[in-house]
Amino acid sequence: MKDIIIAFIMVAGSGFIFLAALGMVRMPDVFSRMSCVAKAATMGLGLLLLGLAIYFGELGVTSRALATIGFVILTSPIASHRIGRVAYLDGAPLWEGTIKDELAGRYGAGAALEGEESPSGENREGEGASRKSP
Amino acid sequence: MILQLVTSYVVFPLLAGALVLAFIRLMRGPSLADRIIAFDLIAASSAGIIVVTAVTTGESVLLDAASIWAVIAFLSVIAFAWFIEARGRL
């Protein structure tokens, strides 16, 4: 019975990682690929670690697995946010079906017009924070 | 028994397929950010492979390897993101 539960959880976890990889190949621009990896790979790795914790069922292994799950859940959004931000500043092209770009004009040439109403922490990158034209 | 069957016929092939698709994006990716995201996914799926290997072999020590590999992957992604940002100024 325990084996069936573990097998189900592990199939779900590896399925999530495979779906992340599929979205990685099929998605049209950097930002949608980034969102695929950030959500699905975190979920998949978390489910695999949960299956491992159930399989061993010891205090030390379970606590280490839960600590690793917490670490992955904490760090994966940070890494994706960094990649998305620098990809935007580096001038990565948006998908042509994008309907809203809320950062448009906030960096680079148009930033002087709207610079006053942006929060002060937003321009902490200094002179490097200007979006190159794609 | 069923766990051995499921891991060897379903879980490992799915993770290996994820690795192959991520390597396709690593080779094709038009920008550097795409390749970094592909590296992030390769790190996640190889950490998954380490975790499933820990289950199939019964060696709980491999969990330490998986968690440290996750830490190193996170730090290298942050370092690569810093590199993209600083590339124009170097």
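The values are calculated or read from the model by the stated rules, or taken from the named source; none is laboratory data. Worth saying up front: this structure is predicted, and the values here are computed from it rather than measured. Using ideal geometry, Cβ is built from the backbone for each residue, glycine included, and neighbour counts are taken over all protein chains shown.
Numerical summary
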quantity	calculated
Given (1) buried (at least 22 other Cβ atoms within 10 Å of the Cβ); (2) of a type outside the set (D, E, K, R); (3) at pLDDT below 80, index of the condition A:Ala41 fails	(3)
Selection count where residues are part of a helix (DSSP H, G or I) and at the interface with chain A (Cβ under 7 Å from one of its Cβ atoms), scope the stretch B:37-63	13
Qualifying residue in the stretch A:28-37 (condition: among the charged types (D, E, K, R), closer than 17 Å to B:Ala33 by Cβ and more than 7 Å from every other protein chain (Cβ to nearest Cβ))	yes
Lone qualifier among A:Asp90, A:Asp101 - being more than 18 Å from B:Ile37 (Cα to Cα) and modelled with pLDDT under 90	A:Asp101
Qualifying residue in the stretch A:81-91 (condition: outside any helix (DSSP H, G or I) and either within 18 Å of B:Ala81 (Cα to Cα) or touching a Ser or Thr at 6+ places or on another chain (Cβ under 6 Å) (or both))	yes
The stretch A:53-99, residues that are at positive phi and either within 11 Å of the chain's Cα centre (by Cα) or crowded, with 20+ Cβ neighbours inside 10 Å (or both)	none
Unique residue being free of Cβ contacts under 8 Å to residues at least 12 places away in the same chain and assigned to a helix (DSSP H, G or I) when the list is A:Ala12, A:Ala53, A:Ala21, A:Ala40	A:Ala21
Residue satisfying all of: in the stretch B:70-90; within 14 Å of the chain's Cα centre (by Cα) and crowded, with 16+ Cβ neighbours inside 10 Å; nearest to A:Ile5 (Cα to Cα) among these	B:Ala70
Yes/no for B:Leu63 being touching a residue at least 40 places away in the same chain (Cβ under 8 Å) and among the aliphatic types (A, V, I, L, M)	no
Residues being facing another protein chain (nearest Cβ under 10 Å) and in contact (Cβ under 8 Å) with a residue 12 or more places away in the chain - total across the stretch A:57-78	5
Residue match in the stretch A:51-74 (condition: of a type outside the set (Lys, Arg) and at pLDDT below 80)	no
Which numbered condition B:Pro30 fails, given (1) assigned to a helix (DSSP H, G or I); (2) more than 7 Å from every other protein chain (Cβ to nearest Cβ); (3) not hydrophobic (A, V, I, L, M, F, W, C)	(1)
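Results for (1) over 22 Å from A:Thr68 (Cβ atoms); (2) surrounded by 21 or more Cβ atoms within 10 Å (Cβ to Cβ); (3) in contact with a His (Cβ under 8 Å, 6 or more places away or on another chain); (4) at pLDDT below 95, shown as yes or no for each residue.
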{"residue": "B:Ala22", "(1), (2), (3), (4)": "no, yes, no, yes"}
{"residue": "B:Arg28", "(1), (2), (3), (4)": "yes, no, no, yes"}
{"residue": "B:Arg35", "(1), (2), (3), (4)": "yes, no, no, yes"}
{"residue": "B:Ser60", "(1), (2), (3), (4)": "no, no, no, yes"}
{"residue": "B:Asp64", "(1), (2), (3), (4)": "no, no, no, yes"}
